[in-house]
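Everything below concerns the one structure shown next.
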Amino acid sequence: MKFVKGGAIALVALLLVAFIGLATWEPFFASESEAPEYREYSAEIVRSEYGVPMIYGDTDADVAYGVAIAHSEDDFFTLQDVVAMSRGRYGAIAGEEGAQFDFAYHLIDARGTAEREYPKLPADTRALFEAYAAGLNQYAEEHPGEVKLAKLFPVNGLDVAAGFALRQPFFYGLGNVIGPLVEGGELRREFGPDIPGFPRDGAEDPKLDRSDEQSSEDVAHREGLVLPVGEEADHLGSNAWAVAPDRSGGPTVLISNSHQPLRGGVAWYELGVQSGEGWHFTGANFPGSPFPFLGHNENLGWTNTVNRPDMADIYKLEMNEDGTQYRLDGEWRDLESKTVTLPVKLGPITLPIRRTIHRSVHGPVIENDKGFFAIRYGGMGELQQLDAYYRINKAETLEEWQTQMARMAIPSTNFIYADKAGNIAYVYNAAIPDRPEDVQANWRGVLDGSRSELIWQGTVDYEEIPKLINPASGWLYNSNNTPYTAAGEGSDLDPADFSPVLGVELKQTNRSRRAYKLLSEVEGPLDRAALERIKNDKTYENESYVAEMFDALVQLDPPQDLVEARELALSWDLIADGNGDADAITLLMIRDYMGAEYNNGETPDIEEHLREAADHLMTHFGRLDPPMSELLRLRQGDVDLPLSGGSDTLRAMTTWTVEEDGRLSLRHGDSFIQWVEWPADGSRVRSESIQPFGAATTRAQSPHYTDQMELYATERLKPVHFWEEDVRRHAESTRRVTNAR
């Protein structure tokens, strides 16, 4: 009996030791970064009546330090997620979902890229990143109770740069290559026009299924989590417009209407910066960046939409029997392999999960049941984007701006540009692989990994990618559509002028169809009133997936309990303005049809889809035709507001969380909006903007947690204070921050 009792005590003790070990191993196992070399920084943070910070400093580095402090004051919660990603430790915070990011971090060698490339950046660019890291470290040290993970700080500029190396490739869809490969699925691709020897989707070829069916919800956007994939991963998107003064009847106009998650690591954070070294810019960045990614300075501005060129190639490797070598040009080469530990938090414990990472001369390698597959993608191993973004922040002319764009350093995203001189421009920016066109290969399929001639080097030249400068129409737009519709009839680019090997997408969105139609129909000036009507348009064209859904409804012979729902859906006027009886039921139905068309997915079953929508409405509203404003909501804290707009309308309400009460709480769609005008008389630039919630998205006690919601829900903008006298006249608070010892 004593033996049994003693054994039980020993077992309990052993389990306790194991529990303590699993609960505490990760911080001890994690490597610590060195803090940046000490340098004194000083910045002034002046916040507007809406809490938006303008950061002043003598030097650009002082400003970057202040950016980190200001953003930490508003959203240190999310900034830590980004820092954890840049260190390969996000799984210790977010569990299994976070570990997926950590796997990608190791797979694409984000740390190795930063270690190789960060020291090569110009000294002034590195100074920005070191100063930004110093600001994060100072905030963490002064607020230890907010720190989520032991040994997460200090960080340095290289850590911040590693975060860029991790996230950028996923904005053009690398996750939609890695995901199916990891799962061993079939790969299907669709990009440009038919090319001899380049089969379309469904052609007989041993390809991986490269459909973008991994939605943003499935791959990444897990309700507020930081996502290394971009808006294209599902049916997400952005809108952008530029109008020349001759066409507007007054100012040069730039309208930025980016669609990003409303929360999390790729949600926009609005800010302004001004230094004694000539850096003066207002716009927005993502957590983890010392500079804005879009916005305007005194002379010029730009905004972005995600594009979807063919940026990645896949190679099937011929392996030896034990899987340690691959054949290249008739010779065997060793496959680089290393084992990494992924921390996976499960409740109070963190499990150490071991995974093996492979690499060949092609790039990262994934092993699945079908063999070993290598990936090579545009911008792989590069980090010059950090310098390019900084330089375009400070560009003063179209020529200076284009000089930076021509570096092809920013791997992807369309740029819509406008400036004080009246120029407008559209650049289909993408570091597209410089694939040899004289080699017989199916670039849309899985390539032969044993042929070194298929391993391209570098990217195409800037002259080869689509771009439009000052079109005759006087206007430009993009809504995640093909670049061959951008400026109207007579001004658009001709696809025949561009190599099909570039893999430029040909798809349209409903937003594109509407923008093109509405812009083309305006005979007079594209003035403020006309542009506001276009930007807030809520109509669907009866084409593509919309027509497909209606055709399916017409052909459906519904069971008796769905007759009323079918008739209601068929009565829809195609306008998601909340005024029609069918707006709610079609809102619930149309998004999946859009996603299937946009991502080459499987078309929903109409009867099943109709039933789901009808059941949802009857369960939660007791009727099939509640006002859409009762269904679609903007919610934060105790503020709960009605919304209108659709998942692919120019007033975009893209994805949502279904709450317990059946309401749809918006989580992705119109996010940071900025309207910029350079007056024709040469007077100073002026702009307005809006965010869905407020400047302090995760600070529930802040007055700026929800103070922009009413404006956003009612399609209004607030003033941007760019000029110092305006900033100080509207200042809610002013404080000096420094790390002086």
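The values are calculated or read from the model by the stated rules, or taken from the named source; none is laboratory data. The structure displayed is predicted, hence computed values, not measured ones. Positions of Cβ are backbone-derived with ideal geometry, glycine not excepted, and every protein chain shown enters the neighbour counts. Accessible surface areas use protein heavy atoms only, side chains included; no ligands, DNA or RNA. Shrake-Rupley method; radii C 1.70, N 1.55, O 1.52, S 1.80 Å.
Taking Tyr105 as the residue in question, decide whether it is over 19 Å from the mean Cα position of the chain (by Cα) and buried (at least 21 other Cβ atoms within 10 Å of the Cβ).
On the way: over 19 Å from the mean Cα position of the chain (by Cα): no; buried (at least 21 other Cβ atoms within 10 Å of the Cβ): yes.
When the stated conditions are applied, Tyr105 does not pass them.
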* **Cross-chain or 6+ apart pairs with Cβ under 7 Å, the stretch 155-167 first and closer than 10 Å to Tyr118 by Cβ, then of a type in the set (Asp, Glu)** => Asn156/Glu34; Asn156/Glu130; Gly157/Glu130; Leu158/Glu115
* Given Gly95, Gly66, which one is part of a helix (DSSP H, G or I), over 20 Å from the mean Cα position of the chain (by Cα) and within 28 Å of Ile353 (Cα to Cα)? -> Gly95
* Give the stretch 429-458 a look and list any residue that's open to solvent by 20 Å² or more (accessible area, probe 1.4 Å), at pLDDT below 95 and in contact with an Asp or Glu (Cβ under 6 Å, 6 or more places away or on another chain), or say none. => Val439, Gly458
* Asked: What is the number of the single condition among (1) out of contact with any Pro (no Cβ under 8 Å at 6 or more places or on another chain); (2) modelled with pLDDT under 95; (3) open to solvent by less than 50 Å² (accessible area, probe 1.4 Å); (4) not in a loop (DSSP other than H, G, I, E, B) that Ala569 does not meet?
  -> (2)
* Which numbered condition trips up Asp681, out of (1) in contact with a Phe, Trp or Tyr (Cβ under 9 Å, 6 or more places away or on another chain); (2) open to solvent by 20 Å² or more (accessible area, probe 1.4 Å)? -> (1)
* From Ala134, Ala127, which residue is in contact (Cβ under 8 Å) with a residue 60 or more places away in the chain, over 30 Å from Leu181 (Cα atoms) and touching a Ser or Thr at 6+ places or on another chain (Cβ under 9 Å)? -> Ala127
* Asked: Among the residues of the stretch 627-655 satisfying the criterion of being modelled with pLDDT under 95 and over 16 Å from Ile575 (Cβ atoms), which is surrounded by the most Cβ atoms within 10 Å (Cβ to Cβ)?
  -> Thr654
* Structure fact -> Of all strands (runs of 3 or more DSSP E) fully inside the stretch 617-676, the set with 2 or more residues that are within 27 Å of the chain's Cα centre (by Cα) and under 27 Å from Asn480 (Cα atoms) is 632-636, 653-658
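Output the strands (runs of 3 or more DSSP E) that fall wholly within the stretch 268-346 and possess 2 or more residues being out of contact with any helix residue (DSSP H, G or I) (no Cβ under 6 Å at 6 or more places or on another chain) and of a type in the set (Val, Ile, Thr), or say none. Before the answer, list the steps.
Numbers: elements: 269-275, 280-285, 294-296, 300-305, 312-317, 325-328, 331-334, 336-346.
Because the criterion is at least 2 residues that are out of contact with any helix residue (DSSP H, G or I) (no Cβ under 6 Å at 6 or more places or on another chain) and of a type in the set (Val, Ile, Thr), the strands (runs of 3 or more DSSP E) in the stretch 268-346 that meet it are 300-305, 336-346.
Just to be sure before I move on: is Asp74 assigned to a helix (DSSP H, G or I), over 27 Å from the mean Cα position of the chain (by Cα), modelled with pLDDT of 75 or more and crowded, with 22+ Cβ neighbours inside 10 Å in the structure I sent?
Working: assigned to a helix (DSSP H, G or I): yes; over 27 Å from the mean Cα position of the chain (by Cα): no; modelled with pLDDT of 75 or more: yes; crowded, with 22+ Cβ neighbours inside 10 Å: yes.
In short, no.
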* To do: Would you point out the residue of the stretch 108-146, among those that are of a type in the set (Gly, Ala, Ser) and over 21 Å from Ala30 (Cα atoms), that is surrounded by the most Cβ atoms within 10 Å (Cβ to Cβ)?
  => Ala131
* Asked: Mind checking whether some residue in the stretch 20-35 is open to solvent by 10 Å² or more (accessible area, probe 1.4 Å), modelled with pLDDT of 95 or more, of a type in the set (Phe, Trp, Tyr) and out of contact with any Leu (no Cβ under 8 Å at 6 or more places or on another chain)?
  -> no
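Residue by residue through the stretch 695-728, note down the ones that are part of a helix (DSSP H, G or I) and among the acidic types (Asp, Glu). Don't jump to the end; show me each part of the working.
Quick first cut of the stretch 695-728, residues part of a helix (DSSP H, G or I) only: 709-713, 724-728.
Answer for the stretch 695-728, where residues must be part of a helix (DSSP H, G or I) and among the acidic types (Asp, Glu): Glu710, Glu724, Glu725, Asp726.
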* **Residue that is farthest from Glu541 (Cα to Cα), among those in the stretch 597-616 that are part of a helix (DSSP H, G or I) and open to solvent by 40 Å² or more (accessible area, probe 1.4 Å)** => Asp615
* Looking at Ser689, is it within 22 Å of Ser733 (Cα to Cα), in contact with a Leu (Cβ under 9 Å, 6 or more places away or on another chain), of a type in the set (Gly, Ala, Ser) and in a strand (DSSP E or B)? -> yes
* **Cβ pairs under 7 Å, 6+ apart, first in the stretch 372-395 and at positive phi, second of a type outside the set (S, T, N, Q) and surrounded by fewer than 21 Cβ atoms within 10 Å (Cβ to Cβ)** => none
* **Pick from the stretch 85-99, criterion under 19 Å from Gly288 (Cα atoms) and of a type outside the set (Gly, Ala, Ser), ranking: most open to solvent (accessible area, probe 1.4 Å)** => Ile93
* To do: Output the residues belonging to the stretch 486-521 that are buried (at least 20 other Cβ atoms within 10 Å of the Cβ), without any contact (Cβ under 8 Å) to a residue 40 or more places away in the chain and hydroxyl-bearing (Ser, Thr, Tyr).
  => Ser512, Tyr516
* Odd one out for Met594, checked against (1) assigned to a loop (DSSP other than H, G, I, E, B); (2) open to solvent by less than 50 Å² (accessible area, probe 1.4 Å); (3) not hydroxyl-bearing (Ser, Thr, Tyr) -> (1)
